[in-house]
Structures are given as C-alpha cells and as structure tokens.
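Novice: Quick one: the structure is below, and I'll ask about it shortly.
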Amino acid sequence: MEKVMILSTAEEIAKGLKMILDEHSSNKKKPTDFETEKMTVGDGARYIDVSYQTLCKWINAGKVPVHGKGRTRFLLRSELIEAYKKIE
C-alpha cells in the first residue's frame, strides 16, 4: 500500500523530501564481498601486472584457481593474491 502525505508548508515539504530521499538511499543495493572480489582474467593480469598469456599459463598449470566454465571464467582477488605470492 502506498503512503500518501499531504504537505502544505515549506518546512513540511522539506522534511517530506528529506524522508523520501533517506528511504531511497537506504534501499540501494550494496555490492557484496563476492561482487567486489570477482574479476575477469584480463583484470587479474592487470592487477598483478603480468601479461594475459602468462596468467592463462598459470591457470592452465593449476597455479592460480579459476571459477566458471569456458569463456565465462573469473578469478577472486584474494585467491589471486595468495596464488601470486606462492609463484613469485
């Protein structure tokens, strides 16, 4: 059910707008840890400053964990960092 507010004075209108804006801003979807951790193979290569081909070789050798199938592969930032520490 919709809320109906009748505002007549400038102060009431200002308070009503502030309340609506506060409700709207609190309803925004915040990114989850998974969404901020997830990166493409190309992004991962740039993140650790190696070539795309080098990172693909490490993935194929099992040195870097990858998720997904085929062309929809992705890395998790924390896993990439830990794997890179072991390689270097």
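Novice: Search the stretch 66-88 for residues being surrounded by fewer than 13 Cβ atoms within 10 Å (Cβ to Cβ) and part of a loop (DSSP other than H, G, I, E, B), and hand back the single one that is modelled with the lowest pLDDT.
Specialist: Here the answer is 88.
Novice: Test residue 40 against the criterion of being at pLDDT 85 or above and hydroxyl-bearing (Ser, Thr, Tyr), and give yes or no.
Specialist: yes
The values are calculated or read from the model by the stated rules, or taken from the named source; none is laboratory data. Since this is a predicted model, take the numbers as computed values, not measurements. Positions of Cβ are generated from backbone atoms using ideal geometry, with glycine treated the same way; all protein chains shown enter the neighbour counts.
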